[in-house]
1. Could you tell me which GluC sites (Glu not before Pro) in region 293-340 are loop residues by DSSP with no more than 11 other beta carbons within 10 angstrom of their beta carbon?
2. Three principal axis extents, largest first, for the C-alpha atoms of region 285-396, in Å?
3. Quick one: what does P(r) look like for region 279-473 with 10 Å bins over all Cα pairs, in whole %?
4. So if R0 is 41 Å, what FRET efficiency would residue 379 and residue 501 give, r being the distance between their Cβ atoms, rounded to the nearest 0.05?
5. Sort 274-286, 190-202 by packing, meaning the average of other beta carbons within 10 Å per residue, with the highest value first.
6. What number do you get for region 383-507 when its Cα radius of gyration is normalised by 2.2 N^0.38 Å, N = residues?
7. Choose one of 241, 262, 215: the residue whose Cα lies farthest towards the positive end of the charge dipole of region 175-301 (beta-carbon charges +1 Lys, Arg; -1 Asp, Glu; about the Cα centre).
8. Of the beta bridges DSSP finds with both residues in the chain, what % are antiparallel, to the nearest 5?
Amino acid sequence: MTVQFSTRPEGPHLRGIAIDAKPSGDGVVAQHLIGGIWEDGGSGRFLRIDSPATGERLGHVPMGTASDIDRAVAAAEDARDGLVAMGTFARAALCMDMAAAIDAAADELAPLLSLEQGKPLAEARAEVGGAALGFRNAAEQIKWLETGVIPVADPAKRAHSFLQPKGVFGIITPWNFPLGLPCMYYLGPALATGNAVVWVPAPSTSLVAYRLAQLLVGAGMPEGALNLVTGDGAEVGDATVVHPGVHAIGFTGSTATGMTIARRGAGKPLLLELGGNGPTVVLEDADVELAAARVAAGAFGNAGQICTATERVLVHQSLHDRFVELLARAAGEVRLGHPLEPGTTMGPLNNAASFDKMLSHMDDARARGAQVLAGGGTAQGLPTNLYFQPTIVTGLDADSLLNREESFGPVVPVLTFADEAEALRLAATSPYGLSAAVFTRSITAAYRLTEKLRAGIVNINEMSSYWEPHVPAGGASGTQSGLGRTGGRHTLMEMCDLKTMVVDIAV
Ligand code: NAD
């Protein structure tokens, strides 16, 4: 029997997810992980996870409550001293074991990730590799992360600083990279630095999070070092953010939720990786073939559901016609289909809320006079109604939602400019500042634009979403894309307090 509960408003991220009184039918039945014990929690409610690709039931996850979070925080607190006592090198070795366990399970994790998230198998495999790399990078970098001896005025004093874990980290993650992102941004760095974690994954991709947690426990994750509580982010995520026993928050997700977390978690250290709407600027001297190919890859990879995806292109007016012709050809080569079928290069969007946002952005663009050169809506003849066609829009008004807001789907809106000043003006018409790209043959133009564009990372002659996990990334100040930096040692530093010790050697 399926019972629909309607006791409280649910966030958009729960749209399309049924809530059952108990798991039924085939599929995995996941549990919370609290203090090393697997359990259902006390709510008596379960989220039903259906595949966006096929509609089939993949399984159920328990819908956690604030009291589950209370116990998870207590378990994390209990694990802290043990993690610190292990020492840095032992924790680094443990991170390597986690990486090996993820790599060894790639053949099982990747198809589950494809079915639950929607991405093609090749992209899922790459993401599993990224998850392992997240632990491996953290292991390597923590071992050589030196802090300084500080010269002081008093000749009798010696001062130095060292890193201490912040304590219990609340980690809340999105569904677009539900394996790679948690491992690279947070779980690897947390274990390496000795922080204990309470992890709330995105509801629609909770099964893969559960399977990951099982693997990590199997690889020797100490009891309480990682606690997993699934459910509605507005309930368990919020309970984590406001919990007095949670010392710091790592959140990746939308700007709207990030702003709520910044208010609810005020006073706590916050590492916030939020939305993006990165402009790609194609200057007059660009290699237009290269630009079109990389824009297509940056826009259609993961069906555009990447915070740094190529969300809008500003192209010099002299290149416009040739650029959109090449781009249309690239869009025509996208093979939209079942993510596990060989040859598929783009799968469905992950959820109905994302799909509807794309439709509303397209309606807005059409109403403002834009032309849809390719795609523009639902693909027919596929197993669910979540497949969005690869889309190209030209003649876009700068006030359009496609230009100003994050669309998070496979769409390339193209705008034109006459000179660099106009390109920079257009680039600044969106409040986001996560990533950008510039195509040019001029090194001086590359530097000029990189310094002027509001973005945490600017790729030159590469798609806006190019990133390697040890490279610092995050929102530019003054934008709505976040706070702090993830990437390699930068995350390790964000997860630690710098403690200073001063010794008087004259006494
Ligand atoms: P979302 O904000 O809807 O949800 C993110 C997480 O927050 C989910 O786990 C959700 O359950 C939880 N949540 C929801 N309400 C909450 C609340 N009130 N308190 C605490 N937690 C709550 O985002 P999403 O749709 O899952 O993810 C897509 C977004 O993530 C996009 O905006 C994308 O740009 C962003 N993103 C950013 C980066 C980056 O590095 N900057 C990377 C990936 C994704």
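1. Loop-located and lightly packed - 333.
2. Computed over the Cα atoms, the extents are 42, 35, 25 Å.
3. 10, 39, 37, 13, 1
4. Efficiency for this residue pair is about 0.10.
5. Put in order of decreasing packing, that is 190-202, 274-286.
6. Dividing the Cα Rg of region 383-507 by 2.2 N^0.38 Å gives 1.44.
7. It is 241.
8. 45
All of the numbers you see were taken from the coordinates with simple rules; none came from a lab. The model shown is predicted, which means the values in this text are computed figures rather than measured ones. Glycine also receives a Cβ, built like all others from the backbone with ideal geometry; neighbour counts cover every protein chain displayed.
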